[in-house]
Amino acid sequence: MVIYLDNAATTKPCDAAIKALNECLTENFGNPSSLHTLGLNAQKTVEKSRRSIASALGCDTSEVTFTSCATESTNTVLKGAALKYGKRKKKIITSSVEHSSVRECMKYLSENGFEIVYISPRKDGTFYAEDFINAADENTCLVSMMLVNNENGCILPVGKTFKALKRKYPEIICHCDAVQGFMKIPVKIRELSCDLLSLSAHKIYAPKGTGVMYIKKGIIIHPLLLGGGQENKQRSGTESVPLIAAFGAAVDFLAPIMKNNLEHYEKLRNHLTEKLSENENIKINYDKGVPYIMSISVKGIRSEIMLHTLEKSEIYVSSGSACSKGKSSGVLEEFGADALTADSTLRLSFSYETTTEMLDIFAEKLFEAQRTLSSVINKK
Ligand code: PLP
């Protein structure tokens, strides 16, 4: 049995997404910009997906723009917002644990005249809204905060921070990377109080290659891609109708089962936590976050070695964040992990298809690998 516990890296497309994708590859293959019926049908498909996503976010369809991935969304809105709203105000605030797509934009902006203020979690591993609010001032143009951290599942107080910031400094533009929260926990624009938001399809059981940027009505973002003026001139380039159709289908599939899924993840986390407590060499690094991402460390065993050992039993996990390809992003250290713990950390992330039986097999194989690898290391 394949036990895939790397759903924060990417997910297996659901049946509904594959069906929608296939329809667009075989029959509904027109270009949404074409004037004939095939074009019109393709355009209708794109608009249907846009409605599904707008309805899930609780926003207007005109505020949803399709991109190629969340990285593109984030690059467009962060650079675009800084360009438009940061002409005189040069301070940008973000968390110290953002995904590389935000981190690298911040690096770029800092090289282009902006002052970036990084807010860290406190000693208890929690982010506090006050820390962001206290860092803001009249010179702040932009704040970017992720909703759910991709390495340990920590939930950041986005709504509380953005609401307070907007009361004090109504002109600050607020962006949220909601990639690891969307369709798993409630993600509503009104509750987050954000102006900009990034989403990715492949984290929610749709294929890789499409994402969304939410841009609040009235906010002006200079597009990154110029050309044919598709997506209401926000993102030129022919829309990937098959991928967009699959994205919308995945949202429609998840919307009615989201609450049940969350309960399922709670059960899975509790089950695995109890199971792992049988082995004193295994530590859960963070237990206050979303129940579908767990960060654990195995004493003395480098994560990459453990990952490849588990792989031999068709068990797939991640070492830290998938995007960093084994390279430490420094995020776990930000949460207080020492270098040895960070180096022996595994990220486990569940899907609606994960079962307690799979987790039992995982725990059994993990314990076995820990014993074998420890004895090899101790003999050296
Ligand atoms: N933001 C977070 C929190 C992520 O986990 C990821 C992907 O791992 C991204 C952004 C980037 O998403 P995409 O692969 O669609 O560019």
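Quick notes
- Beta carbons closer than 7 Å, at least 6 apart along the sequence or on distinct chains, pair a first residue in region 161-180 that is in contact (Cβ under 8 Å) with a residue 40 or more places away in the chain with a second that is of a type outside the set (A, V, I, L, M, F, W, C) and assigned to a helix (DSSP H, G or I) for ILE173/TYR85; ASP177/THR74.
- Pair list, Cβ under 6 Å, 6 or more apart: region 62-83 residue farther than 17 Å from LEU243 by Cβ, other residue within 14 Å of the ligand (Cβ to nearest atom) and in a helix (DSSP H, G or I): THR74/SER101; THR74/VAL102; ASN75/CYS105; LEU78/CYS105
- Any hit, region 5-16, residues being of a type in the set (Gly, Ala, Ser), buried (at least 17 other Cβ atoms within 10 Å of the Cβ) and in a helix (DSSP H, G or I): yes
- Qualifying residue in region 63-84 (condition: of a type in the set (Lys, Arg) and more than 16 Å from the ligand (Cβ to nearest atom)): yes
- Within region 164-200, the set of residues being among the charged types (D, E, K, R), surrounded by fewer than 18 Cβ atoms within 10 Å (Cβ to Cβ) and farther than 23 Å from PHE350 by Cα comprises LYS166, ARG167, LYS168, GLU171, ARG190, GLU191.
- Extreme residue, nearest to ILE189 (Cα to Cα), among residues of region 128-158 that are without any contact (Cβ under 8 Å) to a residue 40 or more places away in the chain and crowded, with 23+ Cβ neighbours inside 10 Å: VAL158
Read-outs throughout are calculated quantities, based only on the coordinates presented, and are distinct from any laboratory measurement. What you see is a predicted model; the values in this text were computed from it and never measured. Every residue, glycine among them, receives a Cβ derived from its backbone with ideal geometry; neighbour counts consider all protein chains shown.
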